[in-house]
Every structure is written in C-alpha cells, then in structure tokens.
1. If a residue has to be free of Cβ contacts under 8 Å to residues at least 24 places away in the same chain, in a loop (DSSP other than H, G, I, E, B) and not hydroxyl-bearing (Ser, Thr, Tyr) to count, how many in segment 504-535 make the cut?
2. Given (1) more than 50 Å from the chain's Cα centre (by Cα); (2) on the phi < 0 side of the Ramachandran plot; (3) of a type outside the set (D, E, K, R), where does residue 145 come up short, assuming only one miss?
3. Only one of (1) at pLDDT 70 or above; (2) part of a helix (DSSP H, G or I); (3) within 12 Å of residue 208 (Cα to Cα) fails for residue 46. Which number is that?
4. Could you please tell me which pairs satisfy a Cβ distance under 7 Å, a separation of 6+ or placement on different chains, a first residue in segment 248-261 that is in contact (Cβ under 8 Å) with a residue 12 or more places away in the chain, and a second residue that is among the aromatic types (Phe, Trp, Tyr) and surrounded by 16 or more Cβ atoms within 10 Å (Cβ to Cβ)?
5. Using the structure shown, decide if residue 343 is part of a loop (DSSP other than H, G, I, E, B), farther than 25 Å from residue 398 by Cα and not assigned by TED's automatic domain parsing to the domain that holds residue 511.
6. Go through segment 424-459 and count every residue that is within 18 Å of the chain's Cα centre (by Cα) and closer than 24 Å to residue 383 by Cα.
7. For segment 411-421, what are the residues that are closer than 19 Å to residue 463 by Cβ, surrounded by 14 or more Cβ atoms within 10 Å (Cβ to Cβ) and more than 20 Å from the chain's Cα centre (by Cα)?
8. Being part of a strand (DSSP E or B) and either polar (S, T, N, Q) or in contact with a helix residue (DSSP H, G or I) (Cβ under 8 Å, 6 or more places away or on another chain) (or both) is the filter here; which residues of segment 386-397 pass it?
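The values are calculated or read from the model by the stated rules, or taken from the named source; none is laboratory data. All values derive from a computational prediction rather than experimental measurement. When we count neighbours, we look across all protein chains shown, and the Cβ atoms used for this are built from the backbone with ideal geometry, even at glycine.
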Amino acid sequence: MKKLSLITLIAILALSVSNVSYASSFPDISKDSVLEESVGLLSSYGIIQGYPDGTFKPDKSVTRAEMAKMMTVAAGYYEYSKNMTSVYEDMHGHWAESYVELANVLNIVKGISPTTYGPDNLIKFEEAYTMIVRLLGYSDESLSGQWPSNYYKKALELNLFQDVDTSKVFASRRDITVMLDNALDCMIVKSKGTGGVTLTDKTLMSLLGKKETRVITLSDLKIESFDYTDYLFNKWDVYYNNSGKTVYVNNPRYNEFTGTVTSLLSNRVIFVTDDYGNVRAFQLPEIPIVINGKKGNFNNLEKSRIKVVYEDDSFNGDVIGIIAYKQTAVKVIGRTDLYNTGSKYFAGKQLPVTSSNEINQAKLHINGAASSLEDIKTNDVVYFYETNESDKVTNLTLDVVRSQTSGIVTDVQTSGNATYYTVNSISYKTGDNFIFTEKASVNDNVNLILDKNNNIIKLEILNYGKYPSTFGIVISSANSTNGNVSAKILDEYGALKTYSLADNSSVVTVTESGTGLFKYTNLKERDFVAFDPVSSGNVKIINYMPAKYIANNYNQQTHTLSNGYWMSPDTYIVYEQNGKYQLLELSQLDTYLEGKAVIGYKGEVEALYLTKGIKPTSYVTVTPETPQSYNGTIYGVIKGITKIDSSTSHVQFYNSSNVFSVSNSSAAGTKVSTVLNSYVKAVIVNGVITSVEKVTSETDKIKITQVYSNQLLIDGITYMEYSSSVTVYNLTTDGSGNVTSFKAGSKSDIKSGSTAQLYDLYGGFDGIIDVILIFN
C-alpha cells in the first residue's frame, strides 16, 4: 500500500472523530498528579483506556501492538483503521492488524524485519519515543545522525521527556501517556527528506480538536451534550473534539473549597466543613447559587454539599459563585430496582433525556462504587441528586455506596432512637435512613448494609442464633414462586399445623426465575426439624435435623438401644401407620426398634421416627398395688392437687369425677403442678397418672369475629374450619388468670366477640378444630 504523509490526511481529519468521550479517573494514579492530568485528557479523546477492574495500571509495560493503536487514535485516524490487511506476516489475524498497518502507512512504525512486526513484544523506550516523534511528522531522513540518538535528541528538544524517567529499558503506560500529553502542544512538521522539515501551523492537538480557556457561565447549562454544572463560575481549559463538542475540562484558575454546609447565618455567612474536618467561613454577596444544576437560593444551602468558587479572601466579597448538591432521595436497591437496558427510569426515578428522547449521558453522573446504571447491584445504597424542570428530570447525579459487613452479633444496645449492633468487635449504629425489617439478637448471623456515614441503613438476618425450642416431623412441604415456602409439621406436643417459612430461614433457598423469585426447600416428608412454632407470621427459626437409620434391640428397663444410644422421657417419638401419625411414650416401645433417629452429641435419641417396634395394645404392664379403676386419656383442666404423703398426691379434674393418683417423684408428678390453669392431656393407667402434658393450641387467646356454619373468622383476618361435633368448654377465670370453673358447653356458646382458644386434637391432625375453650 502506498505510504502517505501525515499532513496529507489532515484535511479529512474532521470526519474521523465524532463520538464524545469523557475523562476517566482511576484509583491507582490518584497520588500522581502529573499522570492523573495526562490520563484525564487522553482518555477523553479515547487515546488511552483503563482496565475492566477500574484501574489504569501505570507501571504495566506496553506492547508494540498497543503502541500502534495509540498512535493511530492520537493521529485522529481511528475510523480509518478498519478492514486493513497488514504487510507484516505475523500481523495476519492479530487483533491490532489494522492499527499496525495504518501506522505503517503513516510512517509512524516500522517492523523488526521486512516481514515481521513483533506485535506482542514489549516496546523498548527508544521505540516508544521514536514513534511519537514520527507522529509529529519527523522521519529518519529528516533527522541527522544514527538511530536512536537522533530521535532521542529531537524528543529532548521537543520536551517530550518532562516528568518522565528515560532510564528504563521498556516503556510503561505512564511513560507513554505523559510523553503523548507533552507532544500535544508540539507543532506538526512536513518532512523534506534529507533537507530537513517544514513547520506547519498545526499542533498535534489540532488533529483531535481544540482547546479554549474561558469562564463557565450559567448559559453553558443549556448545552445538552456536556454537563458544565461542576465547572461553573471558574475559568478553565476547555477541550473540544473536531465536531465542536466538549470532551474535557481542567486547570481551574480560581480557588475552590468543597465541603458540607454546617451553618447559615442571617448576615449571609456560611460555615463549610470539608472531608478532613477543616472549617471555613464565607461571606456571600448577591452571587449566583446553583443547586443540583438549577438556580437556587441562600436558605436552601444548609446541609448541602457545596463548592465555593472564590478569588482571594472570601471576607472581602471575592466569592464568585456557589455550586451545591442537595440529596433528594436515598434508596437501598432491591432486585426489582435494577436497571433494565433501554429504560428511561431507574429505581422508580426518571432519567434525564435529550430532545430526541434518548438518555442524556452527559447529564447523568454516577459516582462511587459504580460507573454505570448496569454496574449498580442489589443492596447498593444510592443517593439521588435530581434537577427537575417542567416536570422532567434534566440533571441527575447518583452517588453509589457499596459497603457491607457480615458476622455474628455479639451485643445489642439501644440509646434514644438508635440501636447499636456489635459485629466483628465493631459497634455499628442504625442511621437516620434506617429501613427496619426485623430486630436482630445476640448470636444471630447478620449482613449489615452501611450508608455513606458507615451507619446501618438495612439489616439482613442470614441465620438465627437462637436454638429452636421444639422438635417436629414434616408431613408435607410446598415450594412457591414469589409467595412463601410452606411446610406441614407435627410437633412434639401433638400440634399439626401448616407453617409459612421465612425466606431467610435456614431451610429456604431463593433464586431468580424470570421476572419473579422461585423459593424452594429441601425439606420432605418424614424429615425431622427443630423449630420455634408461631401462632401467626412466618417461621424464622427452623433447622433441618439429620437422622440416622437404626435397627436395634431395645432394653425397656434401661431405655438403651443395643448400639449404645439411649432414650429419655423427653425423646420425641413418632409412629406412622397407613399415613396416620401417632405420638408415643417410652412405655409403648417394644423390644426391637426400626426407624430413623436424631442423635444428640452424648448419644441421646432426641427424636425417633418409628416404623417398627410399638407394643401390641394388649401388652400392658399392670402394677398390682394400684387399683385398676381407670385406663385411658383425659383432656381437661386440673381442679386441684392434694398431697397424700411424701410419695403420692391425688389429682382431680374439673371435667371428671374420678380422683387419680400420681407419684411425686415421677416425671408426671414433678410436672403436674406446672400445668395448672392449662388445658392438658393426662394418660391414666390403672388410676395412676403416668404422663401429663400441656396441649398446644392452634391459636393463643383470640377474639372470634364471626361464626359461620363450619368456619370461624378470628381477629378479622383468618378463617378456621371447625368440626360439626366440636367440643366446647366454658372457662371462668379470676383476676389473676386462675381457672375457677370449667364446664361443658355447646356450639351455641360460640359467639362473635368471645375470647377463645382453638385446638385440633382428632382426625389425624387434619387442621379442623375439634375443641374450643371459651373464656369468661
């Protein structure tokens, strides 16, 4: 391909750069002011770029291919680099083939041999400055002497090495960026071969656009393609591309002080505190004030983030103008708030648009932990600064905070309206914008979402530290989309209930499913759980309990299995036959057991699902000394306990004329006094109470709102089905809550406004209410 001189192509340069690009900032160059300014300018023109992780990597070496690309962009010919085939054999199919060939045509690069370029070789320092000098129009023929000393001498003369260390073998990204920036003000020359060069009237900068130094005024806010808000009232170097659009602004001439307004005085004095705690006072004359990109007034400055533009001593009236940003909203981003590409809204907020109804990227600013709307994630805290004109958002700044910490809560303290949670030995305070979900307790595993002040804005409980109080066995479970997972559980007290399970309980997993959330549990029929039952709301504290298969002989005297595991009176035993579940006592176990068991760390069987090993009903041990006056189970309320002697007491129920004996030293004897004034289940063998348990109700004491033929409406919310043969008792209590009367009633006693407790005792725990206690 015929080589062209650089000056020949200047005439068509205006067509080659049409897109506006804006300066980038990188955390790994913040302490290098020279590089930071160079990167700001060159990145605005697309000559250099950062990496996907948000860094610039200034010390990273550059390849010859990368250098060729930078040269073609700096020359203004980025668009002309497409679909070119290289004369170098090792460039065929390489990502930089077009760039290398164009740079070769422009006499900027040369191969390491007639047929090879060496694109992936690290570029040596002398190769880098040679390319930049050639970019300015110089050639081997126009420079006397030998390479590379002739190019080094010219680069030194052109001041390309200012703020650059030339002693290195290979050129870094910093070296090349600063040298290119130094070259922008150099004049382009036209080579005359061995006769030297002819100066043109164009600088390298002119290939990209132009620079103008001027004061930014309020009229500049009307420019749609660039947001001048943050540059108002100061004199700046403004850089334009060849289409006349602003791409970069830097080098302010007037002083600026940035901070938060902490006080306003009636004499128009403001006190501003910067990020380091320094406080300055400014006397404000009648000067322009802009808040969120729109004219504002003095009284609205309090608590706003401002930039004071001034010349010298602010008390001499030299403040030129105020640029302020005032928070209009703050939001913790949820799953449904995430940005959908093409939408004109984000998190319910309108985005600024152009006159052609496209999102105006020049008026949309995203700072902090994200650089675009697509970068913003669930649980990011976003602060909104909106400018509204004519019911439209014309300017929007988003400050994104992504700060979270997870761990175990070791202390909870409350003071005033704030709660302090200690996690990982650090105390975190709930902030002014705290979103309450639920209160955490000590030992809970939590995730704290923190705001810009490092205060808690939202708290998520990952796992609950409280140990569950009750064993249960799962009868069935159901997954859900967007609703709640549910599980039907029979607990150790005989209560059968279908519970909704909280999303953050340990047995629920939530995944995205299209536009919704799919919630599922691995709990299945006959799984054991330990949980805290609730009368309303979701079950949060629930753990799956792994179980072991057992098939062992059982010693009825020592309650020990042949494998060493042992039973206690508190062991939760469930027997199933033909889909019917039954709770068993130790006395009902036979001499050989099969099933699955939850084993404690000391070898205790905490829960047992029995498939084989229940005694035949005819097999009953009879105590000769006890009269066989009564055998069976009584549900009722204890009327009184009479101690006969040190070993025996008599117990009487309101709803039974019999008097039963109980051994004071037995488990039933020690428990009987603790269940007074409660509805209980007592197992009687030959007139002796062998066990007594408080019956768990389906509800606490509730108000009956309405009575229907087979349903009750309770608390105006929930419908409960009751049996046609429901048993009703009327209870009278004294001022201390002690039961003084317990009498059989009828369905006619169930009335709207009554206070009642509901029980499901029969029918295989089918959820239908069988017993109702009415309190008077």
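1. So the count comes out to 2.
2. All conditions pass for residue 145, except number (2).
3. (2)
4. Taking only residues 6 or more apart or on different chains, the pairs are 248/239; 249/231; 249/236; 250/236; 251/236; 252/236; 254/310; 255/310.
5. No.
6. Adding up the residues that qualify gives 23.
7. Once the filter is applied, which keeps residues that are closer than 19 Å to residue 463 by Cβ, surrounded by 14 or more Cβ atoms within 10 Å (Cβ to Cβ) and more than 20 Å from the chain's Cα centre (by Cα), segment 411-421 yields only 412.
8. The answer is 387, 388, 394, 395, 396, 397.
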